[in-house]
Structure formats: C-alpha cells, structure tokens
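The values are calculated or read from the model by the stated rules, or taken from the named source; none is laboratory data. It should be emphasised that the depicted structure is a prediction, and the values quoted were computed from it without experimental measurement. Here Cβ is always computed from backbone atoms with ideal geometry, including for glycine, and neighbour counts include all displayed protein chains.
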Amino acid sequence: MNTRTDEELLCAYREGESEALRLLIERYRSELFNFLVRFVGNRAAAEDVFQEAFLQIHLSADSFDATRRLKPWLFTIAANKGRDYLRKHRRQATMELSAPLSSEDGSGEFIDLLEGDVPQPDSGLEGDELASQVRQAVDSLPAHLREILLLAYFQRFNYNQIAEALGIPLGTVKSRLHSAVATFKRKWEAIDETPDA
C-alpha cells in the first residue's frame, strides 16, 4: 500500500517516476469515475472524460502548486472536461431556473437538503426503484447545478473546496447549491407524483 500523499505522488511523477501517475489514477479511479458518470450521464462518456482528465494532469503536472491539495485541482480539471463534453453533446435544451438564486444562510454548513420527506442523493437507498428515481432527478438537473450537487453531497466537498474546484466565488457556490437543492426537490416531487404506468 502506497502511503505517499497525492501531492507527493504528483511531485514524484514530475521528477520522472512514471509509476506515480498510475498510482494516482488507481487511487481516484472509483471516486472520480463515479462523479463523472453522474455528471455526464453515461459510463462510456465518463470513461472518455476520465482519460482526458488524467491526460490533462500529465500535460499540466509542472504547473501544479504542490503546496495545495491535489484533489480539488483534479476535480476542477475533470469538471472542466465534463462541461466540454456536455457542450459538444448537448442532449437537452437549456432549462430555466425558477428557484431563488440567493442564500440567506451565511454559515459554512450545507443547507438542509430538501427539508422534507425527499431522500438525500447519497442516503442509503432501499431498492433499485428508489435509486433509479434519485438518479433520474439528479440527471435531469442542468449541468451547472448537477455538478455542484454532486461535489457537495456525493464528494463531500465543503464550500471552499467547491469554490476552488469550480473557480467561482464563495457566494456563488452558496446560491448555486441552494438553487440545485430547490431544483432537485421540484424534480423529485414531480417524479414521486407521477402515477405508475
């Protein structure tokens, strides 16, 4: 088991240890790949984006500031590659948001997801049908809201990490997350109210 930190591995890779990049890929294969599957909407595309993200890591390794954490940088690159993919393969029309875009809560805590009887996206799911419904609600979100919801609730990034990963101000993170939660709630309620066929 390799005990070196992500940052130490990237520095070793920059110094010519090619095995270090393979170790980073293996370390993030599951977590990053699962994020990308949810973000871009299918496994084949996620595999392509995953490979593009690590190709970019290879190409940009020298520009990484080793005094910072690697994970937000990696997710920033992956999210950018995912957005590029979605722009090229736009599957749906742009959706308008009617949820409020401001958060009155200035605390560093995440807002209560859905404040109702709607499951959190990462809660223990009972049954394939419920998991499918949650996935459907998340997948139906516009890309910029899906991305922030996935980072906050699936990847457990805090506000500062999300701001760094997406390159947006902290206030934008809070308002966008608030909007993502409100939109998810509406999508969930619409799915939950749909009569069975």
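Looking only at region 70-79, decide whether some residue is under 29 Å from residue 174 (Cβ atoms) and either of a type in the set (Lys, Arg) or at pLDDT 95 or above (or both). Yes; the residues of region 70-79 include at least one that is under 29 Å from residue 174 (Cβ atoms) and either of a type in the set (Lys, Arg) or at pLDDT 95 or above (or both).
Every listed requirement among (1) within 29 Å of residue 136 (Cβ to Cβ); (2) surrounded by 13 or more Cβ atoms within 10 Å (Cβ to Cβ); (3) out of contact with any Asp or Glu (no Cβ under 9 Å at 6 or more places or on another chain) is met by residue 72 save one, (3).
Note on region 136-197: no enclosed helices (runs of 4 or more DSSP H) hold 2 or more residues that are touching a strand residue (DSSP E or B) at 6+ places or on another chain (Cβ under 6 Å), surrounded by fewer than 18 Cβ atoms within 10 Å (Cβ to Cβ) and assigned by TED's automatic domain parsing to the domain that holds residue 75.
Please tell me if residue 181 is in contact with a Phe, Trp or Tyr (Cβ under 6 Å, 6 or more places away or on another chain) and either at pLDDT 85 or above or at negative phi (or both). When the stated conditions are applied, residue 181 does not pass them. Checking each residue in region 141-156 for being closer than 13 Å to residue 176 by Cβ and more than 9 Å from the chain's Cα centre (by Cα) picks out 141, 142, 143, 144, 145.
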